[in-house]
Amino acid sequence: MNTVDCKISTEWADGRDLSAKIRKDSLRFFFFLVASIGCSCFIPSCTKDTDEAAQFFLRGNVQLQKREYREAIRFYSEALNKKPDFADAFNNRGLARFRNDDREGALADYTRAIQADPDFAAAYLNRAEVLLETGDASGSLADLQRIEKEYRDSTNYQTRLGDAYVRLNKASQAQAAYDRALQLDARNSEALTNRGAYYFSQKAYEQARQDIDQALQLNPKQDAALNNRSLLLAREGKFTDALGFVNRALSAKPNQPYYLNNKAYLLLMLKRPTEALPLVQESLRLDASNAWAHRTLGIFYLNQKQSSQALSEFRQAEKLDASVDQLYYYLGMAELALGNQAGACEAWQRGESAGDEQARSERSARCR
């Protein structure tokens, strides 16, 4: 079977847009100066330092609202120089660092905010978000469970809880959290996008389409929803239409590695390999652990009759994430191209056990 017949092999993205706005339940703003951060002593130097810390903190908040993240970080750092245990300054500096693509710095700041104030629920929520972004779903879930009492009626909290459960392969809990998020706010396009992704992973394609379409009605510029709509179209073999949607997603986030890889895949399906290659290479430069991109590069090599390179990429994809769609079908095709019939049949057998219909079909037709 040639690659044009492939129904779906691109990456689903969730709907988080962490730089779009400052969420009310994850950032504390203080409008009183000394009273807002307190002072346990009464000597003039303490009052002066505390007042200056509050002034710097408020300046940082202004810059954060303006999305001037480096300036915000500078002001929060000045506040912390004046008051080293200022939990809110650590939390807000963490937000600024996170939105400036400094995950490690954000994680360190949220942790220090919690150390300074162990009951700081917003800092737990923010740290949960970073932990999820950096692959620590268990740590994220632990932080979310720690603040369940304060945030269980927050649609954003329930959305993030669903995301954590998805990463931990806890399907029923994930759906319950997304359902709760949408009960709390039926117009939460992020929850719709992410529940759509969950439905897609469960092969409930019509439910996925309904959620994604509704998310796009609410927010036509939701890049993750645009990307995911392209996947639904690709699954139907409508590769040209799918390319239009992923191009719109890339207009919003030009360097998003999943979107770059998905576009490369679609271009391969449209027999435009010269355009596809630099996109998948850039996707891997941005995220070398992206199993889907390794699979896409393997398809490129397979189509170019470079079977050894293709097999290497497919094996790397398997090492990173064995659940990648149609991976074992392609592994078998690469083995077969190298003259290894037994290896091909073994790969297709593994694919059949994993629910890969194309692998099952090839094994049935070619293996005895």
| message | Distance cut-off 19 Å, Cα to Cα: go down the list Lys170/Lys203; Lys48/Lys83; Lys238/Lys271; Lys170/Lys263 and report the pairs above it. | response | Lys170/Lys263
| task | For the chain, find the longest principal axis of its Cα atoms and tell me its angle to the long axis of helix 273-286, 0 to 90°, nearest 10. | result | 40
| field | Rounded if a/c under 1.5, otherwise prolate or oblate - the chain, Cα gyration tensor axes | value | prolate
| request: Per residue of the range 133-140, in order, report the coupling 6.51 cos²θ - 1.76 cosθ + 1.60 (Karplus, θ = phi - 60°) as ³J(HN,Hα) in whole Hz, putting x for Gly and Pro. | output: 5, 9, x, 9, 5, 5, x, 4
| note | Here the gain from full extension of Asp49 to Thr134, 0.36 nm per residue of separation minus their alpha-carbon distance, amounts to 27.0 nm
| Hey, rough spin-label estimate for Lys66 and Glu148, points 7 angstrom out along Cα→Cβ, what's it come to in nanometres? | 4.3
| note | Longest principal axis of the chain (C-alpha) makes with the long axis of helix 155-167 (C-alpha) an angle, in degrees to the nearest 10, of 40
| request: In whole Hz, with x marking every Gly and Pro, tabulate ³J(HN,Hα) for the range 335-346 from phi via Karplus 6.51 cos²θ - 1.76 cosθ + 1.60, θ = phi - 60°. | output: 4, 4, 4, 8, x, 9, 4, 5, x, 5, 5, 5
| query | Once label points are set 7 Å from the Cα along Cα→Cβ at both Leu218 and Ala354, what is their separation, rounded to one decimal in nm? | reply | 3.3
| field | Helix-only CD estimate at 222 nm, as mean residue ellipticity for the chain, using -39500 (n - 2.57) per DSSP H run (n ≥ 4) | value | -22500 deg cm²/dmol
| field | Backbone HN-Hα couplings from phi across the range 180-190 [Karplus 6.51/-1.76/1.60, Hz, Gly and Pro as x] | value | 5, 4, 7, 5, 6, 7, 5, 9, 7, 5, 5
| task | Please give the peptides 140-152, 115-127, 289-301 ranked by average Cβ packing (other Cβ atoms within 10 Å per residue), highest first, as a rough proxy for protection. | result | 289-301, 115-127, 140-152
| request: Please give the contour-minus-distance gain from Ser364 to Ser77: 0.36 nm per residue of separation, less the Cα-Cα distance, rounded to one decimal in nm. | output: 96.9 nm
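Read the figures in this text as sums done on the coordinates, not as results from a lab. This one's a predicted model, so the numbers in the text were calculated from it and none came from an experiment. Cβ sites come from the backbone with ideal geometry, for glycine too, and all protein chains shown count toward neighbours.
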